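Visitor: Quick one: this structure, given as structure tokens, is what I'll be asking you about.
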Amino acid sequence: MSDESAHEEFDADDPSTEDVSARERLEAEADRAVTEFDEGVVDLLAWVLDTETRARIYVYLRQHPNSTSDEVADGTGLYPSTVREALAQLHDEKTVERHKRESSGAGNNPYEYEAIAPSALVRGVVGQVQEQLNAVFNLDRQLGDADEEGPETEPVRITVEDDEE
């Protein structure tokens, strides 16, 4: 669209033209903000869950609980074999729960998966992070450079509260 045709479509005296343009810009900005937020969440979860693949599966299952591995693969765009392997690991780590899908027909009932609540996920990580931070705080003691008679301190204590409880 040339600049000339853009000017022809916009009529300064017509408030509906201005409203549509502003609405389109707001919707585009909202879409961009959501995408950036989603990517930020996935990046953070990738750190917590070790890989972006596992993070994308976790987010998908929070949005679509009781999904099969094929549904997760379709919804995330990941290879089915990659999804099955990651789901098995996440299940072993108790990050996702699974149960057989109820079916009235004969045949193989696939597993349905559901991700644990984010607060439970954070609780699982907090202990590891707290331990590592306290190890850094006590580095001198571990290296033998500090007074050996004093008690080992744990200055970092992380608590997770859940509003639902």
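Please treat every number below as a calculation from the coordinates, not as lab data. A quick note: this is a predicted structure, and the numbers were derived from the prediction, not measured. Don't worry about glycine lacking a Cβ; one is built from the backbone with ideal geometry, like all the others, and counts go over all protein chains shown.
Visitor: Among (1) part of a loop (DSSP other than H, G, I, E, B); (2) touching a Leu at 6+ places or on another chain (Cβ under 7 Å), which single condition is TYR58 missing?
Guide: Condition (1) is where TYR58 drops out.
Visitor: Right, something else. Select from segment 52-87 the residues that are among the small types (Gly, Ala, Ser) and in contact with a Ser or Thr (Cβ under 9 Å, 6 or more places away or on another chain) and write down the one among them that is nearest to VAL125 (Cα to Cα).
Guide: The selected residue is ALA86.
Visitor: Can you spot a residue in segment 112-121 that is surrounded by 14 or more Cβ atoms within 10 Å (Cβ to Cβ), touching a residue at least 60 places away in the same chain (Cβ under 8 Å) and within 30 Å of GLU154 (Cα to Cα)?
Guide: The answer is yes; a qualifying residue exists.
Visitor: Continuing with the same structure: Residues of segment 60-75 being out of contact with any His (no Cβ under 8 Å at 6 or more places or on another chain) and without any contact (Cβ under 8 Å) to a residue 40 or more places away in the chain, which ones?
Guide: TYR60, GLN63, HIS64, ALA73, ASP74 - these are the residues of segment 60-75 that are out of contact with any His (no Cβ under 8 Å at 6 or more places or on another chain) and without any contact (Cβ under 8 Å) to a residue 40 or more places away in the chain.
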